[in-house]
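See structure below.
The values are calculated or read from the model by the stated rules, or taken from the named source; none is laboratory data. Note that the structure is predicted; figures quoted are calculated from it, not measured. Methodologically, a virtual Cβ is constructed for each residue, glycine included, from the backbone with ideal geometry; neighbour enumeration extends over all protein chains shown. What goes into the accessible areas is simple: the full protein's heavy atoms, side chains included, and nothing from ligands, DNA or RNA. Shrake-Rupley method; radii C 1.70, N 1.55, O 1.52, S 1.80 Å.
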Amino acid sequence: MLETVIITAIGWMLLAASAFRFRRDLAITNPSTVRALRIAAGAVLAVALMRCGAPVTGERIVRFLGGSSLSAVVMVMTLSIAPMTALRLVAVLLALARWIRQSQSSARSVQPRTASFR
């Protein structure tokens, strides 16, 4: 159950980061970044559903709903007290993704020199 709470808290954090209120603070302006955050949040919540520790029955659904509601309450309370502290992990991940994207685009812009046969 603790694993479900932790995994769903990460999913709720990613969904909160894609909300307009926190997008301004995280400097997210690209719609594809918002879409990627929402897709990642959905994937994390799906993983939490699959890893609830019960066979595929109603018990798994109950454990998932219990763990996700507990983590949602904790996330809402944390976001109401210190939102940027709670979303610091998302900000670091977004900065890392921007850095990787910039380094890849700068590597593509460098053209190799080839000898001309004229």
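Results, tabulated for the structure shown:
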| quantity | calculated |
| --- | --- |
| Accessible surface of the chain [probe 1.4 Å, protein heavy atoms]: carbon and sulfur percent | 67 percent |
| Per principal axis, descending, Cα span of the chain in whole Å | 75, 36, 20 |
| Sites residue 59 and residue 102, calculated FRET efficiency, Cβ-Cβ separation with R0 35 Å, nearest 0.05 | 0.15 |
| Computed E for residue 92/residue 51 - FRET, C-beta separation, R0 35 angstrom, nearest 0.05 | 0.90 |
| Heavy-atom accessible area per residue - the chain, 1.4 Å, Å² | 69 Å² |
| Kyte-Doolittle at least -1.0, axis length at least 27 Å by Cα - qualifying DSSP helices, the chain | 31-50, 58-81, 88-109 |
| Computed FRET value (nearest 0.05) for residue 77 with residue 24, which takes r as the C-beta separation and R₀ as 25 Å | 0.70 |
